[in-house]
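Trainee: Okay, handing you the structure first.
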Amino acid sequence: MFEITTHPVPEAVRQRAYLKDEDYQRLYRQSVEQPETFWAEQANTFLDWFKPWHSVRHEDLRKGQVSWFRGGQLNVAYNCIDRHLARRGEQVAFIWEGDNPSESAHITYNKLYSHVCRLANVLKQRGVSKGDRVCIYMPMVPEAAYAMLACARIGAVHSVVFGGFSPDSLRDRILDSDCRTVITADEGVRGGKYIPLKANVDKALQSCPNVSTVVVVERTQGKIAWVEGRDLWYHEALSTADNDCPPEPMDAEDPLFILYTSGSTGKPKGVLHTTGGYLLQVAMTHKYVFDYHDGDIFWCTADVGWVTGHSYIVYGPLANGATSLIFEGVPNYPDASRFWQVVDKHQVNIFYTAPTALRALMREGEEPVKKTSRASLRLLGTVGEPINPEAWEWYYHVVGEMRCPIVDTWWQTETGAIMIAPLPGATALKPGSATRPFFGVQPALLDEQGKEIDGPGSGVLAIKASWPSQIRTVFGDHQRMIDTYFTAYPGYYFTGDGARRDEDGYYWITGRVDDVINVSGHRIGTAEVESALVLHDAVAEAAVVGYPHDLKGQGIYAFVTPMKGIEPDEALKQELLAMVTQEIGSFAKPELIQWAPALPKTRSGKIMRRILRKIACNELDTLGDTSTLADPSVVEGLIEKRLNT
Ligand code: WT7
C-alpha cells in the first residue's frame, strides 16, 4: 500500500488565499444554517442582476423540484462580458493555443464582445430566439466559446456535443432536444490529425429534417460539402452583422444549456442547467477553489464538449473577469512535454487537468517535465475520476515542485459545479481525497437501507439539500430525472458514486456504484455499449463491465455471445469495434472482448453483472454465491478464458 501523507497548508499559500480555515469553518456553517442569507449575499457579490429575485430558494428533493433566485433576472453573457468592459476591455479573456505549437491567439474582452454580439445577431437573423435549442459541435477553438455565449446572450439554449462523438450520436442528440441550428467547423485538429466535423454533421442531418441552419467556422480549409441555403460560413455571416446585440433579460430559472451524459440505463440524458444558480456556483467555485486572483492565467485542459469545459473554461472564469486558456491539442503532441511548454509559453498560474492525463505523462518519466521551467505555476487541480496517490505525489513533486497545492475536485455533469474540494488556503491535503464539501453542499453517506452513516464510514454518496447549480430536469423527460436521482433514496440527490468519510471528515470518492464506466474521465454507460454491440447481426447478446486500467482508470470489458453457428474471430472483433465507433465514438471501444458461449444468468433470466465484474477484474476469490445461477457451469468456462490475468 502507498503511504498517505497529509500535506499542511503552506504558509505562503495561506497568506495569499482569500479564505483561511477559520473562514471556511464560519462560512460553511452559515451556508448550511442560514442558506438564504448566505446565498443572497453571494449572488449579489458575484453577479449583476437586471432585476432582484423575490425568493432565494425553493426545494422539495422528494419531488426533485428546486429553484433558486425566483423572480430575479440576469443575462449570462452580460455577466461574462459586458460588465467587465469598462475596466477590462483590453484585458485578454481567452488565450488560444493551437494544436500546432506555432499557432496561438489572444482575445481581449472587447474582441470577445464583438464576436459574441455579431454571432448572436446572425443567429437572430436566422430565426433563433429565446428558448430555442442550438447544437454546438466544435473543435477547441475560441469560436466554440463565442457560440455558447452568443446563445446565452439571446436566451437560446445550447447543447454542446463533444467533437469525438460519431454522426449517429450527434443525430440522436440533435433530435432529442430538437435543435434547428448547428454550429460547427469544417474540420477539427487534434494531435496532428484532422477530424471531419462538417462531414459528420452532414451525415447526422440526413435524419434531422428540422435543422435549417448550419454555421461553419473555417478552421482547416479542408474540402467539405455545402448545402445552399442551409450552410453559411461563420466569417462571412459575421462580416456584415451588427456589432451590438442587447442581452436578453433571462429569469434566473430559464434554461442556459443542455448537456448529454450517460447513465446506467438507456440512452444519454439531456441534463438541463438554468441561469442564475448555475452561474453563481461556477463563478464562486472558480474564485475560491482555485483561489483565482486578478491577472492570473487559468488553464483547464478539458474539452468544451464536457461539463468541465462549460464551467471552468468558459462560464466560471469569464464571470470572474479571468484570463482562460483554450487548448486545441493533446498532452503528448508533438511530445510528452507539451503541457509544460504551454505553461511556460503563456505563463500559466493555475492548471486543472484529469488524472488519466497525469498517469500517461508519468509513464514518460520526469525528463519531459524537468526540461521546462513551470515557475509560473502556483496551483494545480484534478477532476474526472479518483486520483491514485502515486499520481497525486508525482503531480505534487515533479510538476509542482512541492510549491503548488493540488485541488482534487469532485463533481458531476448534474451538479454543474464543484461540490467537494479543498480550498487551497484552508484545507490540509491528503492525496486521493477530494477533502471537504464546498459551501452549501451537504454530503451524506447512506447504507444499504438508505440510512445515514454518522462519522467515519463508507456508503453511497448522496446530497441532502439543494445547491444552486443543481440539475433542474432531464430535457423532455422530467420523470426520468426523478427516477434516476431522487427515487432510490427519498429526500436525497443520489450521485451514483460510493465514498468513504475519514476521521477528519474528509471524503474519499471510491467510484461509481452503478453501471457507469469512467474511461479516461469519460463517462460511458454500459447499456449504450451493449446496444451498439448487439446491433451486429452476428451477436446474440452482450454484457459490458468496467475493470481497473493502469492508464485510463477503468477499461471496458465486453462479454459477447455470438449467434448460433457463428465462429467468432479477429475479423468479427474488428467489426464490433467499428460498430461501437459508429454508434458512440471511438473513445467507447472496449479494450477487451471475450467470446462467451453463454452469460451467467439468474433463473429468471437476469444477467449477473456482479459475477462478470469479478471475472473482468480478476477477483476470483470474491466471486460470491453462484448457486442461484440457472447454469453455474457457465461461469467456469468464462473464468478459464478470461482476458485480464
Ligand atoms: C463522475 C462524473 C465533473 C467533471 C468531469 C466528469 C467521477 C469526477 C472526481 C473526483 C473521484 C470523480 C465521479 C462522478 N469524478 N470527479 N475528483 N474524484 N471521482 O463529469 O462526466 O459527469 O462524471 O466522474 O464518478 O460521478 P461527469
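Trainee: Of 193/589; 20/345; 287/345; 451/589; 198/552, which ones are farther than 26 Å apart at the Cα?
Mentor: On the way: 193/589 19 Å; 20/345 32 Å; 287/345 24 Å; 451/589 38 Å; 198/552 29 Å.
20/345; 451/589; 198/552, as the Cα separations exceed 26 Å there.
Trainee: A follow-up question, please. Ranked highest first by average number of other Cβ atoms within 10 Å, how do 316-327, 507-518 line up?
Mentor: 316-327, 507-518
Trainee: Can you give the net charge of the other residues whose Cβ lies under 11 Å from the Cβ of residue 262, counting K and R as +1 and D and E as -1? Write down the numbers at each step before the final one.
Mentor: On the way: positive: 267, 269, 512, 523; negative: 514, 515, 528.
Result for the local shell: +1.
Trainee: So, one more: Quick one: net charge of residue 234's neighbours, Cβ under 11 Å, K/R +1, D/E -1?
Mentor: Taking every Cβ under 11 Å from that of residue 234, the sum is -3.
Trainee: Considering only the range 520-641, what is the antiparallel percent among its DSSP beta bridges, to the nearest 5? Could you put the intermediate results ahead of the total?
Mentor: Numbers: 12 of 16 bridges.
Of all bridge pairs located within the range 520-641, approximately 75 percent are antiparallel.
Trainee: For the range 11-500, what proportion of DSSP beta bridges, expressed in % and rounded to the nearest 5, is antiparallel? Walk me through the numbers before you get to the answer.
Mentor: Details: 36 of 72 bridges.
Close to 50 percent.
Trainee: What translational D, rounded to a whole number of µm²/s, comes out for the chain from Stokes-Einstein when the hydrodynamic radius is the Kirkwood one over Cα pairs, at 4 °C and 1.567 mPa s?
Mentor: In µm²/s, the coefficient is 51.
Trainee: For labels at residue 631 and residue 125 in the simple 7 Å Cα→Cβ model, what's the distance in nm?
Mentor: 6.6 nm
Trainee: Report the Cα-based extents of the range 88-213 along its three principal axes, largest first, to the nearest Å.
Mentor: Here the spans come out as 43, 36, 17 Å, largest first.
Trainee: Below 22 Å, Cα to Cα, which lysines can residue 51 reach? Residues fewer than 8 away in the same chain don't count.
Mentor: Residue 51 reaches 130.
Trainee: How far is it, in nm, from the label point at residue 100 to the one at residue 267 when both lie 7 Å from their Cα along the line to the Cβ?
Mentor: So the two model labels end up 3.9 nm from each other.
Trainee: Arranged from highest to lowest average of other beta-carbon atoms within 10 Å per residue, in what order do the peptides 535-545, 200-210 appear?
Mentor: The densest-packed peptide leads the list: 535-545, 200-210.
Trainee: For a protection proxy built on the mean count of beta-carbon atoms within 10 angstrom, sort 6-17, 619-630, 127-138, 73-84 highest first, please.
Mentor: Result, highest mean first: 73-84, 127-138, 6-17, 619-630.
Trainee: Kindly provide the helix-only [θ] at 222 nm of the chain, computed as the sum of -39,500 (n - 2.57) over DSSP H runs of four or more divided by all residues, to the nearest 500 deg cm²/dmol?
Mentor: Numbers: 21 runs with 183 residues, N = 645.
Mean residue ellipticity at 222 nm (helix-derived): -8000 deg cm²/dmol.
Trainee: Between the range 65-138 and the range 414-435, how far is it from one alpha carbon centroid to the other, in angstrom?
Mentor: 28 Å
Trainee: Right, something else. If you average 1/r across every pair of different Cα atoms in the range 272-351 and take the reciprocal, what Kirkwood value do you get, in Å?
Mentor: For the range 272-351, inverting the mean 1/r across all distinct Cα pairs yields 13.2 Å.
Trainee: Can you return the aspartates and glutamates within cross-link range of residue 111? Criterion is Cα-Cα under 15 Å, with same-chain partners fewer than 8 residues away left out.
Mentor: 82, 90, 143, 242, 244
Trainee: Quick one: in the range 18-136, what % of C-alpha pairs are over 21 Å apart?
Mentor: Cα-Cα pairs of the range 18-136 separated by over 21 Å account for 63 percent.
Trainee: Now a separate question. What dipole magnitude, in Debye to the nearest 20, does the chain give about its Cα centre under +1 on Lys/Arg Cβ and -1 on Asp/Glu Cβ?
Mentor: The dipole magnitude comes to about 740 debye.
Trainee: Here's another thing I want to ask about it. List the cysteines of the chain that have no other Cys Cβ closer than 4.7 Å: which are they?
Mentor: Isolated Cys, the chain: 80, 151, 208, 300, 404, 617.
Trainee: To the nearest 0.05, how large is the calculated FRET efficiency for residue 452 and residue 41 if R₀ is 30 Å and r is the Cβ-Cβ distance?
Mentor: 0.55
Only the coordinates and a few stated rules stand behind these numbers; no lab work does. Keep in mind it's a predicted model, so treat the numbers as computed, not measured. Here the Cβ is made from the backbone with ideal geometry for all residues, glycine too, and neighbour counts use every protein chain on show.
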